Every structure is written in C-alpha cells, then in structure tokens.
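Notes to accompany the following structure.
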Amino acid sequence: MVRSTRLILLFLLAFATLTMSSVSRAQVAVGVSIHIGPPALPVYPQPICPGPGYIWTPGYWAYGPAGYYWVPGTWVVAPAVGLLWTPGYWGWAGGVYVWHGGYWGPHVGFYGGINYGFGYTGVGFVGGAWHGGVYSYNTAVTNVNTTVIHNTYKTTVINNNTTVNRVSYNGGTGGTMAQPTAAEQAAAHEQHTPPTTLQTQHEHTASTNHALLASANHGQPSVAATAKPGVFSGSGVVAARPASVSANANRPNANANGANHSSTHNDRPPNKGASSPTAAKTYSPQPNQQQHGSGQPQHGSNHQPSNAPHPNEAHPNNSHQNNNRPGAPRPSEGHPTGRLGRGR
C-alpha cells in the first residue's frame with residue numbers, strides 16, 4: 001500500500017513537471033523574431049466608429065509562414081471600463097526583429113515610437129479618454145458621428161517639428177530611435193489585459209487572407225481597416241491608398257461641427273520633415289456633451305475643458321517623442337547579420 005502511494009506521488013510529480021515545462025515553452029513562443037524588417041505602414045482612411053464604447057486599435061504587420069501580412073486596423077470594445085490599448089510593435093534587438101504584442105491597461109505604454117495615426121502619435125494616445133466610466137472621443141483625430149455619439153471633445157495636436165513617416169519598427173537600420181519615457185516605463189509595470197477574443201480572431205482571419213500578404217499587396221492591402229473585428233467585407237471596410245495621397249490624420253473637418261458626413265477619415269500626412277512636436281490644443285464643445293466641472297488648466301491656453309483628457313488617462317504627444325526619425329524603410333529591408341529566432 002505504501003509502495004503504491006509512493007508510485008502515485010512520483011507519477012503526479014512527473015506530470016506536474018512536464019506540464020510546467022510545456023507552459024514555459026508556450027510562454028517563450030509568444031513572441032516572434034525574424035531577420036527581415038516589416039514593410040512601411042500603409043496609408044489608409046479610418047472607418048467611422050460603429051458606436052459608443054469602441055476604441056480604435058491600429059493596423060499592423062504580423063508575420064506568418066508565408067511572410068508578413070497586414071492585420072487591418074479596427075474598432076474594438078475595451079474588455080473593461082477604464083482600459084486603453086497599447087499597440088504592439090516590432091523592435092530590433094540581438095540581431096533580430098522581435099514582435100512585442102499589444103495589451104490593454106489603465107495607461108498607454110511604450111509602442112516603439114511608431115506613428116500609427118488616429119491618435120497614436122508614437123508617444124501615448126490622444127484619440128480618446130475615459131471620464132466617469134464613459135469613453136469620450138477626440139474628434140480632431142478620430143472619425144465619429146457626433147449626432148450619434150455625444151461623448152466627444154476636440155483637442156488638436158499639431159506636430160510642427162516632427163519627421164512624419166511610415167516607419168513600422170523600432171531600432172535597427174531605418175527604424176525609430178524612440179526610448180520609453182518615465183510614464184511609459186511605469187505603465188509597463190501595471191496590470192495588463194491581453195487582446196480580446198475578437199482581436200485574436202481578427203488577426204487569425206487576416207492570416208488566412210492571401211490578399212493581405214505583403215508579397216501579394218506590395219504594402220497596399222485591399223483591406224486596410226474595418227469597422228468591426230473580423231468583418232473583412234461590406235460597408236466599413238477600407239483599402240489602402242497610394243503613399244503619395246495627401247492626408248491629414250489630425251484634423252477631420254467633417255465632424256468638427258455636428259454630424260460627420262464622411263464614412264472614413266484620412267490616416268497620416270504625406271512624408272515630409274519638420275522637428276520636435278509642438279502641441280496646440282483647441283476645444284469645441286459638442287451638443288448634449290456631458291460636463292465634468294470646469295476651471296482646469298489647459299495646455300497651450302489658460303483653461304482646459306473638464307472633459308478633455310487628463311494626463312493620467314492618456315499620454316499626450318509631448319517632448320519625449322523621438323524627433324529624429326529617419327525615412328520610411330523599404331519593404332524588403334533586412335539585416336544580413338540577423339537570424340531567425342523566437343522570444344517575447
């Protein structure tokens with residue numbers, strides 16, 4: 001009887017060890033690293049927000065057995081009140097490009113200094129903020145119909161001194177040189193929530209679409225953004241535009257005074273240089289907009305509207321942003337000294 005008990009205990013111990021080893025291997029395999037840099041970010045318009053509570057998650061290049069493929073930007077409902085999305089990014093380290101996955105958290109963390117557009121300027125997020133359990137939209141950089149969504153404000157950020165480009169990775173040849181700010185380092189140590197099930201399914205669906213392969217679309221995917229996760233056809237689906245198209249992501253004129261009469265709003269401006277970001281913020285109240293007090297200071301003026309983003313809710317574009325970003329990389333750019341590998 002004693003011998004049988006010992007055998008059972010040994011068996012359970014061996015099983016637990018194998019299980020822990022499997023978990024460890026799975027955790028290591030979460031990240032993906034390769035030696036060829038991702039293509040430049042495509043230029044695309046933003047689909048109109050489908051309804052209150054949706055938060056914009058920008059598109060990105062993922063990597064699969066057939067190479068890079070585009071995961072369209074889309075509107076997603078946050079998994080919990082108060083959470084914001086930190087986009088993932090590719091970073092050059094140790095001779096390889098490593099994918100750092102995105103996550104939900106109370107503050108926006110570091111995402112490589114990548115200018116994804118629509119409020120993701122490379123540092124923080126100025127596309128919206130939580131106020132009293134309700135998500136409000138910055139109509140200066142997001143495409144919303146203000147006759148349907150009344151929780152809005154307008155804070156225009158003008159990057160007079162920033163090199164505007166479509167670089168999609170951090171570090172290495174041609175990548176952004178941004179480093180985490182103190183606020184982003186603090187955000188990295190907060191509790192994080194992984195992508196929602198719909199986000200995971202959205203990426204999987206993109207991986208099965210041959211037209212989204214960089215080798216097939218040459219950096220201009222036919223499905224660049226969608227109104228909702230996993231919906232890759234019909235209304236609300238937009239295609240990439242030629243990089244030469246002039247587009248201003250920071251000021252959609254249509255929704256400044258009431259209803260937005262356009263179903264999309266342009267992404268990023270054409271490539272051109274300037275120097276360090278200078279934020280000029282203005283405010284235009286919307287009808288039926290909720291007020292939360294008054295008399296708070298505003299960046300760039302003497303007063304700030306009570307429902308404009310608080311620094312602790314979304315990090316504004318500030319002087320910590322990298323001011324020396326090089327031009328956009330070539331889609332096939334890589335490093336001959338790189339190697340294939342896996343990491344977080």
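Coordinate-derived values only; no laboratory data. What you see is a predicted model, and the numbers here were worked out from it, not measured in a lab. Note that we place each Cβ from the backbone using ideal geometry, even for glycine, and neighbour counts take in every protein chain shown.
Amide H of residue 103: which non-local residues (sequence gap of 5 or more, or other chain) have their own amide H closer than 5 Å, using H built in the peptide plane?
86
Given 0.36 nm per residue, what is the gain on full extension from residue 239 to residue 211 after removing their alpha carbon distance, in nm?
Full extension of this stretch gives 8.9 nm more.
If Rh is defined by the Kirkwood formula over all Cα pairs and Rg also comes from Cα, what ratio Rg/Rh do you get for region 137-245?
0.99
If you stretched the chain out fully between residue 150 and residue 177, how much longer would it get, using 0.36 nm times the residue separation minus the C-alpha to C-alpha distance?
5.9 nm
What is the packing order of peptides 105-112, 43-50, taking the mean over residues of other C-beta atoms within 10 Å and listing the highest first?
For the peptides 105-112, 43-50, the packing ranking is 43-50, 105-112.
Could you quote the convex hull projected area for region 96-198, Cα atoms only and averaged over all directions, in nm²?
Projected over every direction and averaged, the Cα hull of region 96-198 covers 8.6 nm².
So for each of 67-77, 228-238 I average, over its residues, the number of other beta carbons within 10 Å; can you give me the resulting order with the highest mean first?
67-77, 228-238
What Kirkwood Rh does region 46-160 have if only Cα atoms enter the pairwise 1/r average? Answer in Å.
Answer for region 46-160: a Kirkwood hydrodynamic radius of 15.1 Å.
At each listed q (0.14, 0.23 Å⁻¹), what is the log10 of I(q)/I(0) that the Debye formula gives for region 87-144 modelled as equal alpha-carbon point scatterers?
-0.46, -0.97
What is the set of long-range amide H partners of residue 241 at a cut-off below 5 Å, with H atoms built 1.01 Å from backbone N?
Result for residue 241 returns 43, 44.
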